[in-house]
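The values are calculated or read from the model by the stated rules, or taken from the named source; none is laboratory data. Predicted model only: the values in this text are computed from it and were never measured. Ideal geometry is used to build each Cβ from the backbone, glycine not excepted, and the neighbour counts take in all protein chains shown. All accessible areas refer to the heavy atoms of the entire protein, side chains included, with ligands and DNA or RNA removed. Shrake-Rupley method; radii C 1.70, N 1.55, O 1.52, S 1.80 Å.
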Amino acid sequence: MAHFERIRDVISGPFSSEIITQRTTAGWQLVSMEWRRELPDSESPTKGAFSEDIPYGLRISDDCQRLEIDPAENRTLMLMMELLVQAVFNMTPRLIEVGPRLFSTEEWQSLRQKFSSFKEPAAAPASS
């Protein structure tokens, strides 16, 4: 199985073919070129142009055709989820302790009515 290394050159001045010559001499293959420009307020992005932020935890795949999981950002999301679960788990005993008092308040009754007003999905008919 072949393994590839990727680098990205950021060009801040006028383009020169010298960088392409240097890279190809060193064994690199040109995979893609990326262009960008600032759009005037009167113009919207062309069809197919990517104009949305990429969701955290994802990245554009090497073939630029789809989004894929970004391992580093995904680890961060997993850590955040773990910390959230731990916080909820640690607070559960306190919620059990104060629950009976909270359930008897007018505020809870009001919230309960609000929650019950949300429509639940209709149950599927029983099969015979």
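State all residues of segment 17-35 that are free of Cβ contacts under 8 Å to residues at least 24 places away in the same chain, exposed (fewer than 10 other Cβ atoms within 10 Å of the Cβ) and not in a helix (DSSP H, G or I); if no residue qualifies, say none.
Listed by number, the residues that qualify are 17, 26, 27, 29, 30, 33, 34, 35.
How many residues, within segment 57-92, are more than 24 Å from residue 7 (Cβ to Cβ) and open to solvent by 80 Å² or more (accessible area, probe 1.4 Å)?
Selection size over segment 57-92: 13.
Looking only at segment 64-85, filter to residues that are among the aliphatic types (A, V, I, L, M) and more than 10 Å from the chain's Cα centre (by Cα); which one of those is farthest from residue 53 (Cα to Cα)?
The residue in question is 85.
Which residue pairs have Cβ atoms closer than 6 Å, lie 6 or more positions apart in sequence or on different chains, and pair a first residue in segment 53-81 that is of a type in the set (D, E, K, R) with a second residue that is modelled with pLDDT under 90 and exposed (fewer than 13 other Cβ atoms within 10 Å of the Cβ)?
Listed by first residue and then by second, the contacts come to 68/61.
Considering segment 1-16 alone, what residues qualify as being free of Cβ contacts under 8 Å to residues at least 12 places away in the same chain, open to solvent by 80 Å² or more (accessible area, probe 1.4 Å) and within 23 Å of residue 61 (Cα to Cα)?
Scanning segment 1-16 gives 1, 3, 4, 5, 8, 10, 11.
Considering only residues of segment 38-52 that are modelled with pLDDT of 80 or more and open to solvent by 100 Å² or more (accessible area, probe 1.4 Å), which is farthest from the chain's Cα centre (by Cα)?
The selected residue is 42.
Please verify whether residue 104 is open to solvent by 60 Å² or more (accessible area, probe 1.4 Å), modelled with pLDDT of 85 or more and hydroxyl-bearing (Ser, Thr, Tyr), treating the condition exactly as stated.
Criteria met by residue 104.
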